[in-house]
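The values are calculated or read from the model by the stated rules, or taken from the named source; none is laboratory data. The shown structure was predicted, so the numbers you read here are calculated from the model rather than taken from an experiment. All Cβ positions, even for glycine, are placed from backbone atoms using ideal geometry, and neighbour counts span all protein chains on display. Quick note on the areas: whole protein, heavy atoms, side chains included, nothing else; ligands and nucleic acids left out. Shrake-Rupley method; radii C 1.70, N 1.55, O 1.52, S 1.80 Å.
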Amino acid sequence: ERSGEANLQAELQMFRAQWMFELAPGMSSSGLEPLPCRASSRGPGVKSVDARGKQEIAKEEKAKELFLKAVEEEQNGALYEAIKFYRLAMQLVPDIEFKITYTRSPDGDGVGKRCVEDNKEDDKMADLLSDFQQQLTLQESSVKLCQPEVDVSQTHISVLPMEVLMYIFRWVVSSDLDLRSLEQLSLVCRGFYICARDPEIWHQVCLKIWGRSCNKLVPYATWREMFLERPRVRFDGVYISKTKYIRQGEQSLDGFYRAWHQVEYYRYLRFFPDGQVMMLTTPEDPPSIVPRLRTKNTRTDAILLGHYRLSQETDNQTKVFAVIMKKKEEKPIDYHKYRYFRRVPAQETDHSFHVGLQLCSSGRQRFNKLVWIHHSCHITYKSTGETAVTTFDIDKMYTPLFFARVKSFTAFSEKPL
């Protein structure tokens, strides 16, 4: 009887100690150590408690092992096996997910090593150009800039001199400044990568875009960095805006109702590297209009042609100013029409439109948004030389223009860079 009472007292003291520990989680485990020592002198009940504690620890370790195995199976794509191991782990310890301390990477044994290796590789390849140039200089002089991957019977491009290769690269860029194709060409091999990073190509590109204002490279490290970071208009597509408004119509004959019309039209703006710009306002949608804007020699009657320039203001905002006018077409004079009466000649005038836009970036794309800041019409009378200016208010009718890339604009090269 005394041994049974001793076991009961030991279990009671262990329960009290566990209960106090749960009530005060910040309490250190050292405060619980004397309890088993006092109970140990009363009987063998402590041994059974220690055995159960070891069983709990072993059960938790088994659950951790099953849980980590489930994580590994899930990342390998074996979802059915992963669910099975998750279920077994939670049957042993329901809250095992919160007791896991990842002593190894949950992505698997080799993933952490691969991440470290990738980081080292990124640091090593931070400047691929210098690395590739160093590799080529360390090779034998007989080795060419690029080598065929497999043996071919035809003449390989690697036998061409460097000057010819660079001329081909200038044709790739072309007079349309297709730098996207140049970047894709640089992915072929190390030799092409070096050719595509030629500073002279990027310098000429910057000169065609900014003119004399890009003589100094500072604050950019390379001409390529200037092209990527400095604000500029884009040439491989069209800036498009869509405007909608409601207009009141005429009243019906019986006066019963008055019609309302929804008016919808588009504005298209196409820039060229030589400083010319095209503008078109039409109700036709982009699929039917954009193909006509590929060249400046379009036959669309309502199109406006002109020149533009980039301006860097003191507020560090890039603005685009353009002067556009309708294409001049000489109409033949019909002498027979005015044969029997004297014609009063109409006063000849020249119409031009002055446009001001602010260049912005929107979302992930850069320099893809143009916001209206000015629009005016200038009418010049040739007989007197006077000019009448009408300035339009920039309201909600002037919606921003967003850039849309058109692949067909750079599909062909007419002239090299």
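Do you know which of the residues in segment 299-312 that are part of a strand (DSSP E or B) and not hydrophobic (A, V, I, L, M, F, W, C) is farthest from Tyr265 (Cα to Cα)? Outline the logic, then answer.
Keep residues of segment 299-312 that are part of a strand (DSSP E or B), which gives 304-312.
Applying the additional criterion that residues be not hydrophobic (A, V, I, L, M, F, W, C) yields 306-309, 311-312.
Numbers: Gly306: 22, His307: 24, Tyr308: 24, Arg309: 26, Ser311: 29, Gln312: 31 Å.
The extreme case among them is Gln312.
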Report summary line: Taking segment 353-411 and keeping only residues that are surrounded by fewer than 13 Cβ atoms within 10 Å (Cβ to Cβ), closer than 30 Å to Trp171 by Cα and charged (D, E, K, R), one is left with Arg364, Lys407
**Report entry** Selection from segment 144-174 of residues that are open to solvent by less than 70 Å² (accessible area, probe 1.4 Å), hydrophobic (A, V, I, L, M, F, W, C), part of a helix (DSSP H, G or I) and at pLDDT below 85
**Finding:** Ile157
Query raised in the report: When only residues in segment 185-195 that are touching a residue at least 12 places away in the same chain (Cβ under 8 Å) and either of a type in the set (Lys, Arg) or open to solvent by 50 Å² or more (accessible area, probe 1.4 Å) (or both) count, which is nearest to Trp223 (Cα to Cα)?
Result: Arg190
Query raised in the report: When segment 228-277 is examined, which residues are found to be over 30 Å from the mean Cα position of the chain (by Cα) and among the β-branched types (Val, Ile, Thr)?
Result: Ile246, Val263
**Report entry** Unmet criterion (only one of (1) in a helix (DSSP H, G or I); (2) modelled with pLDDT of 85 or more; (3) on the phi > 0 side of the Ramachandran plot) for Leu177
**Finding:** (1)
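How many residues, within segment 196-222, are part of a helix (DSSP H, G or I) and either open to solvent by 40 Å² or more (accessible area, probe 1.4 Å) or modelled with pLDDT under 85 (or both)?
Here is the first cut: in segment 196-222, the ones part of a helix (DSSP H, G or I) are 196, 199-214.
Okay, now just the ones that are also either open to solvent by 40 Å² or more (accessible area, probe 1.4 Å) or modelled with pLDDT under 85 (or both), so 199-200, 203-204, 207-208, 211-214.
Summing the residues that are part of a helix (DSSP H, G or I) and either open to solvent by 40 Å² or more (accessible area, probe 1.4 Å) or modelled with pLDDT under 85 (or both) in segment 196-222 gives 10.
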Query raised in the report: In the list Gln251, Gln204, which residue meets the criterion of being in contact with a strand residue (DSSP E or B) (Cβ under 8 Å, 6 or more places away or on another chain), of a type in the set (S, T, N, Q) and over 23 Å from Met278 (Cα atoms)?
Result: Gln251
Report task. Would you please list the contacts, defined by Cβ atoms under 7 Å and residues six or more apart or on different chains, that run from a residue in segment 378-407 that is closer than 22 Å to Cys360 by Cα to a residue that is of a type in the set (Phe, Trp, Tyr)? Result -> Ile394/Trp372; Met397/Tyr245; Tyr398/Trp372; Leu401/Tyr239; Phe402/Tyr239; Phe403/Tyr239
Query raised in the report: Among the residues of segment 232-275, how many are in contact (Cβ under 8 Å) with a residue 60 or more places away in the chain and among the aliphatic types (A, V, I, L, M)?
Result: 4
